[in-house]
1. Can you confirm whether region 102-111 contains a residue that is of a type outside the set (A, V, I, L, M, F, W, C) and open to solvent by 20 Å² or more (accessible area, probe 1.4 Å)?
2. In this structure, is residue 99 outside any helix (DSSP H, G or I), at pLDDT 90 or above, open to solvent by less than 40 Å² (accessible area, probe 1.4 Å) and of a type in the set (D, E, K, R)?
3. So, in region 73-96, of the ones that are of a type in the set (A, V, I, L, M) and in a strand (DSSP E or B), which residue ends up least open to solvent (accessible area, probe 1.4 Å)?
4. Would it be correct to say that residue 176 is loosely packed, with under 13 Cβ neighbours inside 10 Å, acidic (Asp, Glu) and in contact (Cβ under 8 Å) with a residue 12 or more places away in the chain?
5. Which condition from (1) part of a helix (DSSP H, G or I); (2) farther than 20 Å from residue 158 by Cα; (3) at pLDDT 90 or above is the one that residue 31 breaks?
6. Test of understanding: among 124, 152, 132, which residue is open to solvent by less than 10 Å² (accessible area, probe 1.4 Å) and either closer than 20 Å to residue 82 by Cβ or free of Cβ contacts under 8 Å to residues at least 12 places away in the same chain (or both)?
7. Just one of the numbered conditions (1) surrounded by 15 or more Cβ atoms within 10 Å (Cβ to Cβ); (2) of a type in the set (Gly, Ala, Ser); (3) closer than 27 Å to residue 118 by Cβ is not true of residue 62; which one?
8. Go through region 102-133 and count every residue that is within 13 Å of the chain's Cα centre (by Cα) and part of a loop (DSSP other than H, G, I, E, B).
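The values are calculated or read from the model by the stated rules, or taken from the named source; none is laboratory data. Computed from a prediction, not measured in an experiment: that's the story for all the values here. Backbone-built Cβ (ideal geometry, glycine too); neighbour counts: all protein chains shown. These accessible areas exclude ligands, DNA and RNA; they are computed on the full protein's heavy atoms, side chains included. Shrake-Rupley method; radii C 1.70, N 1.55, O 1.52, S 1.80 Å.
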Amino acid sequence: MPHEESSQNKEPVELSNWFETPIGSVYRHAESALLSQKLRENFRAEVLQLDFVGWEDEFHEAMRFAHYTILDKHVAEQSKYTRVVGETNNLPIETHSVDIVIMPHTLEFDDNPHQVLREVNRVLKPEGIVLLMGFNPWAFWHLPRFFPKAKLKTPWNGKFISRYRVMDWLKLLNFEIEKSQGCCLFPLMKKQAATTKLTLLKKFLAWTPFMPAAYFIMAVKRVSKGTSVFHFQRLRDSLASKPLAEPANKRRHVQKDNPNIY
């Protein structure tokens, strides 16, 4: 049993090494650009990342004023970021204490992705944000993962989950999908010229099921069975516009079902 556990712990390390390869770096740059954009647009105080990927420097500048923590199964590598040891399916984090959770390919390498999302839902504050990245299982770039020898290597040894299935799981947990798009359209091209025609082609191909090698999802945790926080001001204004029949005071909050109650 110890041997099996150690083999699971090696996966995040191997994935961070894969991101340093020529092909992996293309994925890294595409995903870090999306992360940086969304982190700048949605600044929050408490940010938690699940699993260390090794290219945090590429998007850390977008949240430099936030309290940023990385949770990993082990802390073998030195890092300038705060890191804690823990399991993604049993987060050692207080309930409703995190504003943003970053999940860089976390679900593909966990045996219970549903439980991971439930834990993320638990630790997030109301209106908290999930920034999630995954490998597209339908992309023809990933054909090597169907070969027996390739299945033993990272990242092809992961359990790829489609973007639409992940979105369904998030919706069941009362998350609202703010953004969903394919990314990393040409992972075999190291340098891609930023021409107008290529930009338009990328926007079109991002919606095709087989072209994007990866995907990006941004979801917001909504609170069910209650008044939305955005409605409190409107509710207060509506009550203030209606004068009470009698002056209100702090002692008159109890409904007088019994005439003997004062």
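1. First, pick out the residues of region 102-111 that are of a type outside the set (A, V, I, L, M, F, W, C): 104-106, 108, 110-111.
Retained after the next criterion (residues that are open to solvent by 20 Å² or more (accessible area, probe 1.4 Å)): 111.
Looking for residues that are of a type outside the set (A, V, I, L, M, F, W, C) and open to solvent by 20 Å² or more (accessible area, probe 1.4 Å), one finds at least one in region 102-111, hence yes.
2. Criteria met by residue 99.
3. 84
4. yes
5. All conditions pass for residue 31, except number (2).
6. Of the residues listed, the single one that is open to solvent by less than 10 Å² (accessible area, probe 1.4 Å) and either closer than 20 Å to residue 82 by Cβ or free of Cβ contacts under 8 Å to residues at least 12 places away in the same chain (or both) is 124.
7. Only one criterion is unmet by residue 62, namely (3).
8. Total satisfying the criteria: 2.
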